[in-house]
Amino acid sequence: MKKFIIATFATLGLVACASQKNEQKILVLYYSQTGATESVAKEIQKQLGADIAKIDLENPYDGDFNATIARCQEEMKTSKFPALKPLNINVKDYDIVMLGYPIWFGTYARPIASLVQEQKFEGKKIVTFCTFGSGGLQTSTSDLKAALPNAEIVEGYGVRTARIGSIEEELNRFLIEGGYKDGEIEPLPPFGKHETVSPEDIQVFNEACGDYQFPLGTPVDVAKRQTPIGTEFEFTVKSQDMNRKESKATIYVTKTKKQGAKAEFTQVVR
Ligand SMILES: Cc1cc2nc3c(=O)[nH]c(=O)nc-3n(C[C@H](O)[C@H](O)[C@H](O)COP(=O)(O)O)c2cc1C
């Protein structure tokens, strides 16, 4: 009798469906020009054992930073989008798409703008991840929400190119906390109360941000928390936005317990 039931269900394809129901199929889909986002994509793929696919262009952007900036500015001015090569996977086969990209001009890179014109990801859950010089996870995720109203967009993981060496541990936490990967991890405590910055806090801020290629503003107040790795700082900063208007930003800084470790900023949130 048992054999008969299994055979009948197998014929109807129900056995496969039942076993897949609890296990969501994940695709890691990414664009990367210079390899940083690709490192993150490959680490996610490794930790999840998920499928992975790269977004390629018919006419790739030149590796040179200034040439890329110039081509992008021209494309933005003329509302042109770079043509993509066909994907070698079918997005419809997946429940969750981890979508990765570099931040360009404060949002997702232009090839993702091409992608979201072709592919609306209806009914899919999209988890964003990105790499950047200073930040852009939040802005790019909200821009994606606007571009893909019929998908569920979830803000994922972002890392500065300069901190790419930290991704293994950070992704482990992110993937467990998000429920994408089995495992246990001690939750981080919340940040404490924001208080006016002390001279010591300013020293930490300058150590982390002082040699960044662009000025990151003046710290006003700070909240802190202790983690297993060290101290994290959440600075409120007075700065200027892209139009040189005065604005506020939040800058996260980490100082690890390692002997001689320099404070480093992890992201700017505008
Ligand atoms: C055209 C262009 C624009 C960029 N704009 C920003 C930006 O607005 N904010 C930022 O933090 N980084 C910006 N960057 C830096 C990239 O986000 C960063 O180098 C990223 O890690 C590159 O990823 P990839 O190696 O996967 O291509 C820009 C880079 C390029 C080429």
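A few notes on this one:
- Inside the stretch 236-260, residues that are closer than 21 Å to residue 138 by Cβ and either touching a Phe, Trp or Tyr at 6+ places or on another chain (Cβ under 6 Å) or among the polar types (S, T, N, Q) (or both) make up a count of 9.
- Residues located in the stretch 82-107, provided they are within 16 Å of the ligand (Cβ to nearest atom), at negative phi and not in a strand (DSSP E or B): 82
- Close pairs from the stretch 105-125: first within 17 Å of residue 141 (Cβ to Cβ) and among the β-branched types (Val, Ile, Thr), partner surrounded by fewer than 23 Cβ atoms within 10 Å (Cβ to Cβ) and at pLDDT 95 or above, Cβ under 6 Å, at least 6 apart: 107/139; 107/143; 116/147; 116/148
- Residues of the stretch 121-133 satisfying the condition of being assigned to a loop (DSSP other than H, G, I, E, B) and touching a helix residue (DSSP H, G or I) at 6+ places or on another chain (Cβ under 9 Å): 121, 124, 133
- Within the stretch 64-81, the only residue that satisfies the criterion of being surrounded by fewer than 11 Cβ atoms within 10 Å (Cβ to Cβ), charged (D, E, K, R) and away from the ligand (no atom under 12 Å from the Cβ) is 77.
- The residue of the stretch 132-180 that is nearest to residue 50 (Cα to Cα), among those that are among the hydroxyl-bearing types (Ser, Thr, Tyr), within 12 Å of the ligand (Cβ to nearest atom) and in contact (Cβ under 8 Å) with a residue 60 or more places away in the chain, is 161.
- Per the listing 209, 130, the residue uniquely touching a Pro at 6+ places or on another chain (Cβ under 9 Å) and within 14 Å of residue 252 (Cα to Cα) is 209.
- Residue tally, condition outside any strand (DSSP E or B) and crowded, with 18+ Cβ neighbours inside 10 Å, over the stretch 49-63: 3
- Scanning the stretch 106-131 for residues that are within 11 Å of residue 30 (Cβ to Cβ) and in contact with a Gly (Cβ under 6 Å, 6 or more places away or on another chain) returns 128, 129, 130.
- Conditions (1) within 11 Å of the ligand (Cβ to nearest atom); (2) surrounded by fewer than 12 Cβ atoms within 10 Å (Cβ to Cβ); (3) closer than 26 Å to residue 156 by Cβ; (4) small (Gly, Ala, Ser): number failed by residue 41: (2)
- Only a single item in (1) within 16 Å of the ligand (Cβ to nearest atom); (2) among the β-branched types (Val, Ile, Thr); (3) in a loop (DSSP other than H, G, I, E, B) is not met by residue 112, and it is number (3).
The values are calculated or read from the model by the stated rules, or taken from the named source; none is laboratory data. Worth saying up front: this structure is predicted, and the values here are computed from it rather than measured. Positions of Cβ are backbone-derived with ideal geometry, glycine not excepted, and every protein chain shown enters the neighbour counts.
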